[in-house]
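A.B. asks: Before anything else, here's the structure in question.
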Amino acid sequence: MSHVVQNDVHGLGQRVAGLDLNKQSNQQGSRYIPPHLRGQQQVGPAGPQKNIIPQYFENPSRGGYQQNFNRGGGGGYNSQYQHQNYNGYSKNTSYNGNQSNRGEQFLWNSERGSRWETNDALSNADWSKLLPRNERLEMELFTSAQSGINFDKYEDIPVEATGSNTPKSIETFDEANLGEIILTNISLAHYTKPTPVQKNSIPIIKAKRDLMACAQTGSGKTAAFLVPILSRIFEEGPFENPSNVRQGGKKKQYPIALVLAPTRELASQIYDESRKFVYRSCIRPCVVYGGADVSTQMRDIDRGCHLLVATPGRLVDMIQRGKVGLECIKFLVLDEADRMLDMGFEPQIREIVEKCDMPRTGERQTLMFSATFPKEIQMLARDFLDNYIFLAVGRVGSTSENITQKVVWVEEHDKREFLLDLLNASGPDSLTLVFVETKRGADALEQFLFRCPENYHATSIHGDRHQKEREQALASFRVGTTPILVATAVAARGLDIPNVKHVINFDMPSDIEEYVHRIGRTGRVGHTGLATSFFNDKNRNVARDLMDILAEAKQEIPSWLESMGYQAQQHQAAKKAQKTNRYGGGGGGFGGRDYRQFSGNRGGAVGGGSNYYQAPQHVGNPYQPSYQPTYNHQPAYQQNNYRGTGGRAHSNNSDDWWEK
């Protein structure tokens, strides 16, 4: 190939010379015309080339996007903003299907980032009005929604409400006057009828009463507080601008509702649920928790926040940084309140509730939800609640026919072999959640399952995992890529993982509350499930309480557990002579009792329950007196699948969680 320069054989130089590159802007000449405008009649002289692109973006009639490219709507996964965008929002989303800076529905100034900007559209908006649909976001939020089965079995669950002037429960969502937005989103989420806790909580919250609710794990507690809170926000908003104080060039965000949760997983779960109920509204939810990038969470809050879901530690951090103010809080929710106090969050909670600028008790509405409310937790709750209603819906863990509970005697050195038997019987596609006590134990068991000849697909989750690893493990488990999840207590509370068929307590927890929450991961929201627990000498301290749980749920009780539990009960009889119930009052079947009933402040009650289990009721003895349990390799769990020892002497050491 020749590289010799040719001597302008095509007259290129002449043609270039004929171009007037210095032509003035006021001279006539050709200009670039966008394809969609070509062929139309042109009006006026051609303008400067440099102004073509800005004009194209600045004039909405041309059909282009705004200059800030804020397209709104839902987007894909953005790994740079994992903590808010794995839910489907794009980086500059306007949320809920509103396309920011475009059209008449503009309610957010994404460039300034604050909902308190001077914006007539926001201050004059009707918050109860449905905004236009966003089909892509709608599909993302609601395609995986599932309605539970066996809801008819909830009808006979006892309900007890104590307190003055308790509002009447509802039977359908239409009775609660929830508004167009909520009813539309409830329909999209396939909620056909309220669960017992929703039937009672929704009218109480709508009536502006403080509430302490004790209900079964997996019974719909999250919707029980989100639905009425958002309904009232839609009905009563917009709210007054509280302050014009700026922090580092940015205004603080002043959420209307605050939900506190003990773990990042539960906080993310509540946030995901809130996105469904605020769809097609102008309300913007946010979530903050430890273990994620704080600067990313701050940028998300800067874009506006009406409903904030947070863990206590990270919220205190946001308050100290001047990002969040609490003086406009109208609704405060403490979800899994007993666990937050058990985990040592009481100082942070008290700082948030009592020392920050949050409205005082009586000036805000405070709600506490959990599966259990021991007496000591209720005593602490007096400081946060005002003239509240105590609601107990069913006995925690006693999901009747929904959860089949099996307890088997397994020595420590036999646990792995017995676990393999259970996994083989469950089938390869059944989601199985295996609980252990320690982080090291979780890692070791995961590796053991992976290296087995069967090569079980397992993953693990515990407190030492990075946030990204935890989210990936949960996502992989949910979709069945790794159908076995080995977990410590970090995953035991509040996580909503659909279709978990089997919960295995590889290590029995040291208190009965933890057992209740663990087995509640299966049989959620009307579905059926199986819970199997390995029991041995290390677990004697929970024998009596475990026997009570099984009796109240009408489950089969091994004879050796009956013997242990009855002997422990006799030992404690004198100590509890003044009580007819381990929860401090008459009637069983509930996960907690209102302490005011036993301090001279008794309110009205509805529903009822059975008397406390006083003596072992023999249900037959299919358990052979053998230390070595056997398991039939069958998918169906039959009576003779589980065998254990005969009755054995019970230690005098008591570890009753109610008496501590």
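A.B. asks: Taking segment 213-242 as the search range and keeping residues that are over 19 Å from the mean Cα position of the chain (by Cα) and not in a helix (DSSP H, G or I), which one is modelled with the lowest pLDDT?
C.D. replies: ASN241
A.B. asks: Given the conditions (1) farther than 20 Å from HIS517 by Cβ; (2) in contact (Cβ under 8 Å) with a residue 24 or more places away in the chain; (3) surrounded by fewer than 21 Cβ atoms within 10 Å (Cβ to Cβ), report the number of the one that PHE384 does not fulfil.
C.D. replies: Every condition holds for PHE384 apart from (3).
A.B. asks: Any idea how many residues of segment 187-203 are under 19 Å from ILE270 (Cβ atoms) and either in contact with a Leu (Cβ under 6 Å, 6 or more places away or on another chain) or modelled with pLDDT under 85 (or both)?
C.D. replies: Matching residues across segment 187-203 total 0.
A.B. asks: Moving to a separate point now. For segment 322-375, name all the residues that are among the β-branched types (Val, Ile, Thr) and either closer than 26 Å to VAL197 by Cβ or part of a helix (DSSP H, G or I) (or both). Steps first, please.
C.D. replies: Step one: list which residues in segment 322-375 are among the β-branched types (Val, Ile, Thr), which gives 324, 329, 333, 349, 352-353, 361, 366, 372.
Hits for segment 322-375 are ILE329, VAL333, ILE349, ILE352, VAL353, THR361, THR366, THR372.
A.B. asks: Please enumerate the residues belonging to segment 526-552 that are buried (at least 21 other Cβ atoms within 10 Å of the Cβ) and within 30 Å of ARG478 (Cα to Cα).
C.D. replies: Selection gives GLY529, LEU530, ALA531, THR532, SER533, PHE534, PHE535, LEU546, ILE549, LEU550.
A.B. asks: Among the residues in segment 434-445, are any at pLDDT below 90, out of contact with any helix residue (DSSP H, G or I) (no Cβ under 8 Å at 6 or more places or on another chain) and of a type in the set (S, T, N, Q)?
C.D. replies: No: segment 434-445 contains no residue that is at pLDDT below 90, out of contact with any helix residue (DSSP H, G or I) (no Cβ under 8 Å at 6 or more places or on another chain) and of a type in the set (S, T, N, Q).
Table: residues versus (1) out of contact with any strand residue (DSSP E or B) (no Cβ under 9 Å at 6 or more places or on another chain); (2) over 27 Å from PHE448 (Cβ atoms); (3) modelled with pLDDT of 90 or more.
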| position | (1), (2), (3) |
| --- | --- |
| ILE512 | yes, yes, no |
| ARG518 | no, no, no |
| LEU530 | no, no, yes |
| ASN536 | no, no, yes |
| LEU546 | no, no, yes |
| ILE549 | no, yes, no |
| ALA553 | no, yes, no |
| ILE557 | no, yes, yes |
| LEU561 | no, yes, yes |
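A.B. asks: Could you tell me whether any residue of segment 511-518 is out of contact with any Pro (no Cβ under 7 Å at 6 or more places or on another chain), outside the structural domain of GLU273 (by the TED database) and among the aromatic types (Phe, Trp, Tyr)? Walk me through how you get there before you give the answer.
C.D. replies: Filtering segment 511-518 down to residues out of contact with any Pro (no Cβ under 7 Å at 6 or more places or on another chain) leaves 511-514, 516-517.
Next cut, outside the structural domain of GLU273 (by the TED database) only: 511-514, 516-517.
With among the aromatic types (Phe, Trp, Tyr) added as a condition, the list becomes none.
No, segment 511-518 contains no residue that is out of contact with any Pro (no Cβ under 7 Å at 6 or more places or on another chain), outside the structural domain of GLU273 (by the TED database) and among the aromatic types (Phe, Trp, Tyr).
A.B. asks: Determine whether segment 358-377 contains at least one residue that is farther than 19 Å from ASN387 by Cα, in the same structural domain as ILE319 (by the TED database) and out of contact with any helix residue (DSSP H, G or I) (no Cβ under 7 Å at 6 or more places or on another chain).
C.D. replies: The answer is no; no qualifying residue exists.
A.B. asks: Scan segment 162-190 and report the pairs whose first residue is without any contact (Cβ under 8 Å) to a residue 40 or more places away in the chain and whose second residue is small (Gly, Ala, Ser), with Cβ atoms within less than 6 Å and a gap of 6+ or a chain change.
C.D. replies: Here the result reads ILE170/ALA176, each pair linking segment 162-190 to a residue that is small (Gly, Ala, Ser).
A.B. asks: What tally of residues in segment 115-174 results from selecting those that are modelled with pLDDT under 60 and outside the structural domain of ILE204 (by the TED database)?
C.D. replies: Qualifying residue count, segment 115-174: 9.
A.B. asks: Answer with yes or no whether ALA267 is under 23 Å from ILE186 (Cβ atoms), at pLDDT below 90 and assigned by the TED database to the domain that holds ASP383. Write out each step before concluding.
C.D. replies: Numbers: under 23 Å from ILE186 (Cβ atoms): yes; at pLDDT below 90: no; assigned by the TED database to the domain that holds ASP383: yes.
For ALA267, the condition - under 23 Å from ILE186 (Cβ atoms), at pLDDT below 90 and assigned by the TED database to the domain that holds ASP383 - is not met.
A.B. asks: Still on this structure, I have one more. Counting only residues that are of a type in the set (Gly, Ala, Ser) and either closer than 16 Å to ILE256 by Cα or buried (at least 23 other Cβ atoms within 10 Å of the Cβ) (or both), how many does segment 316-331 have? I'd like the intermediate steps shown before the answer.
C.D. replies: Pass one, segment 316-331, residues of a type in the set (Gly, Ala, Ser): 322, 325.
Applying the additional criterion that residues be either closer than 16 Å to ILE256 by Cα or buried (at least 23 other Cβ atoms within 10 Å of the Cβ) (or both) yields 325.
Count: 1.
A.B. asks: Here's something else I'd like to know. Can you tell me which of GLY394, GLY304, GLY325 is among the small types (Gly, Ala, Ser) and closer than 30 Å to ASN165 by Cα?
C.D. replies: Working: GLY304 fails: closer than 30 Å to ASN165 by Cα; GLY325 fails: closer than 30 Å to ASN165 by Cα.
The match here is GLY394.
A.B. asks: Filter segment 190-218 down to the residues that are surrounded by fewer than 17 Cβ atoms within 10 Å (Cβ to Cβ) and within 21 Å of THR528 (Cα to Cα) and list them by number.
C.D. replies: So the first thing to find is which residues in segment 190-218 are surrounded by fewer than 17 Cβ atoms within 10 Å (Cβ to Cβ), and the list is 190, 192-193, 207-208.
Selection gives HIS190, THR192, LYS193.
A.B. asks: Just checking, does segment 292-312 include any residue being outside the structural domain of LYS468 (by the TED database), farther than 23 Å from LEU226 by Cα and part of a loop (DSSP other than H, G, I, E, B)?
C.D. replies: Scanning segment 292-312 turns up at least one residue that is outside the structural domain of LYS468 (by the TED database), farther than 23 Å from LEU226 by Cα and part of a loop (DSSP other than H, G, I, E, B).
A.B. asks: With (1) modelled with pLDDT under 95; (2) out of contact with any Cys (no Cβ under 7 Å at 6 or more places or on another chain) as the list, and PHE373 as the residue in question, which single condition is left unmet?
C.D. replies: (2)
A.B. asks: Take residues that are under 19 Å from the mean Cα position of the chain (by Cα) and tell me which of the helices (runs of 4 or more DSSP H) falling wholly in segment 444-556 contain 1 or more. Steps first, answer last, please.
C.D. replies: Values: elements: 467-478, 512-519, 543-552.
Per the criteria, 467-478, 512-519.
A.B. asks: What's the number of the only condition in (1) more than 23 Å from the chain's Cα centre (by Cα); (2) at negative phi that GLY427 fails to meet?
C.D. replies: (2)
The values are calculated or read from the model by the stated rules, or taken from the named source; none is laboratory data. For clarity, every value in this text was computed on a predicted model and none was experimentally measured. All Cβ positions, even for glycine, are placed from backbone atoms using ideal geometry, and neighbour counts span all protein chains on display.
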